[in-house]
Amino acid sequence: MKIIVQILKWISISILGIFVILVITFFVYEGFFYKREMNHIKEDLNKIENVEVIEIWGHEDVTLEEVSTRLRIKNKGEIVLYGLSKDVFNYPENIQVTEIGGYSFTTFSCNGGIGSNINIGNESELFPLINKEFKTVKDVIENYDFILEKIKNLKKSPEINYFESQNSENYILVHNKKSVDQDPIFNLVGVESLFDYAKTLKWNNPNCYYNKN
């Protein structure tokens, strides 16, 4: 009987030990590996003068991807930047803004893309309007008022803005409301109704996705 008790005791200790190891492994992975890049991005942002990181998040996959952040700029307002992780970061060509000064966006692209960001990079449809290059996140933050003024000059929803270049054709709705801080994948909610709306728009390129579907 004592032998059985001893065996059960060691089995219980072993199970508890395995559980503790798994818990420790999870927190080490979560804190030092899975969210390592995001924490590093947050630290760098907090070092910028007059900037407060209100929220930071990403798409939870095998690695934490597509990191976005909501920043409060002292005496100015808030801005939400998307795509700060190395998997999608491509300044100054591609700079994705989800919200600025309380304005959020819905974008429709000729290739069928529907999104909640505008691109103010130097290879974007908005660059002729912005006409200024931003090489870093700090550059964007320091030009907050400049960018916001450009956005204020756009038509506001339900009116829609149209942009066409040699390689692209896009429509942008500018909403006077805050965006929702969430995993980018959830921004696809309601995409079917948005797709139906996009089909009602005039696309000059006969090969546009919406002209074929």
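Contact order, relative form, for the range 73-213: 25 percent (alpha carbon pairs under 8 Å, 6 or more residues apart, mean separation divided by residue count). Residues whose amide H comes within less than 5 Å of that of Glu55, counting only those at least five positions distant or on another chain, are Arg70 (H built at 1.01 Å from N in the peptide plane).
Measuring nothing but how far apart in sequence close Cα pairs (under 8 Å, 6+ apart) lie, relative to its length, the range 97-146 scores a relative contact order of 22 percent. Rounded to 0.05, the FRET efficiency of the Ser157 and Lys86 pair, given R0 = 22 Å and the Cβ-Cβ distance, is 0.10. Summarising the label geometry, the points placed 7 Å from Cα in the beta-carbon direction at Trp57 and Gln166 lie 4.0 nm from one another.
Rounded to 0.05, the FRET efficiency of the Glu93 and Thr200 pair, given R0 = 22 Å and the Cβ-Cβ distance, is 0.10. Listed by chain and number, the lysines placed with their C-alpha closer than 20 angstrom to that of Lys86 are Lys35, Lys42, Lys47, Lys135, Lys138; residues fewer than eight positions away on the same chain are left out. Sparse packing (at most 10 other Cβ atoms within 10 Å of the Cβ) combined with a DSSP loop state is found for the following GluC sites (Glu not before Pro) in the range 107-213: Glu159. Counted residue by residue at 0.36 nm each, then reduced by the alpha carbon distance between them, the extension gain from Arg36 to His175 reaches 46.7 nm.
Every number here is computed from the coordinates shown, using simple stated rules; none is lab data. All of these numbers come straight from a predicted model, not from anything done at the bench. Note that we place each Cβ from the backbone using ideal geometry, even for glycine, and neighbour counts take in every protein chain shown.
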